[in-house]
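Working notes, structure below.
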Amino acid sequence: MFAHIQIGVKDLGRMCAFYDAVLAHFGLQRSVDPSRTGPAGIYWQHPGQRWPQFVIGTPVNGQAPSRGNGSQVSFLAPSRSVVDAVWATALAHGATDQGAPGLRPRYAPDFYAAYCLDPEGHKLCFVHTIVQVPV
């Protein structure tokens, strides 16, 4: 459904190190050297696949990056143990806890998620749930 999700950041080096650690849990690898960042920013993708991508960069318009109130980037994890691990990794790399791993039955009976703010305050969700295709 999505080609890429991009967030604006202030400190590319710090945020690159953070997302290197976090996104490894989803099999995403950084495809751009931070010292060679162009206007497209720094992006992560699955090896051998062009899309989808997760991208960070400084805003193209030259203004300061900002985070949106009510905005969230959610990553679908293959298991509850991955939710637990990626949340712990995020906190160990400077994220702020916004909700420990656990069931969130208000969303779905099997919705297991954890929440944090990345080091620059962007809200992240790591979730495991059974993906069902409507028939």
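The values are calculated or read from the model by the stated rules, or taken from the named source; none is laboratory data. Values in this document were obtained by computation on a predicted structure and should not be read as measured data. Cβ atoms come from the backbone with ideal geometry, glycine included; neighbour counts cover every protein chain shown. Note: accessible area is taken over every heavy atom of the protein model, side chains too, but ligands, DNA and RNA are not part of it. Shrake-Rupley method; radii C 1.70, N 1.55, O 1.52, S 1.80 Å.
Rounded to the nearest Hz, the phi-derived 3J(HN,Hα) couplings of segment 26-32 under the Karplus curve 6.51 cos²θ - 1.76 cosθ + 1.60 (θ = phi - 60°) are 9, x, 8, 10, 5, 10, 9, where x marks glycine and proline.
Taking the chain as a Gaussian network, Cα atoms linked when under 10 Å apart, which of 114, 64, 88 shows the biggest mean-square fluctuation? Looking only at 114, 64, 88, the biggest GNM fluctuation is shown by 64. In this calculation the C-beta distance from residue 73 to residue 37 is compared with R0 = 22 Å, giving a FRET efficiency of 0.65.
Working from label points 7 Å from Cα in the Cα-to-Cβ sense, the residue 63 to residue 2 distance is 2.2 nm.
May I ask you to compute the full-extension gain from residue 29 to residue 49, defined as 0.36 nm times their residue separation minus their alpha-carbon distance, rounded to one decimal in nm? Don't jump to the answer; show the numbers that get you there.
On the way: separation 20, 0.36 × 20 = 7.20 nm, distance 1.06 nm.
Length gained between residue 29 and residue 49: 6.1 nm.
Once the Cα atoms are used to define both axes, helix 12-23 deviates from the longest principal axis of the chain by about 30 degrees. Applying 1/(1 + (r/R0)^6) with r as the Cβ-Cβ distance of residue 17 and residue 103 and R0 = 35 angstrom yields a FRET efficiency of 0.65.
For the chain, rounded, prolate or oblate, judged on the Cα gyration tensor with a ≥ b ≥ c (square roots of eigenvalues), a/c < 1.5 rounded, else prolate if a/b > b/c?
Values: a/c = 1.76, a/b = 1.49, b/c = 1.18.
Prolate is the answer for the chain, as a/c is 1.5 or above and a/b outweighs b/c.
The angle separating the long axis of helix 80-92 from the principal Cα axis of greatest extent in the chain is about 40 degrees. Only beta bridges with both residues in the chain are counted; by DSSP, about 65 percent of them are antiparallel.
Please give the net charge around residue 4, taking every other residue with its beta carbon less than 15 angstrom from that of residue 4, where Lys and Arg add +1 and Asp and Glu add -1. List each step's numbers first, then the result.
Values: positive: 30, 50; negative: none.
Net charge around residue 4: +2.
Share of carbon and sulfur in the accessible area of segment 91-135 stands at 59%, probe radius 1.4 Å.
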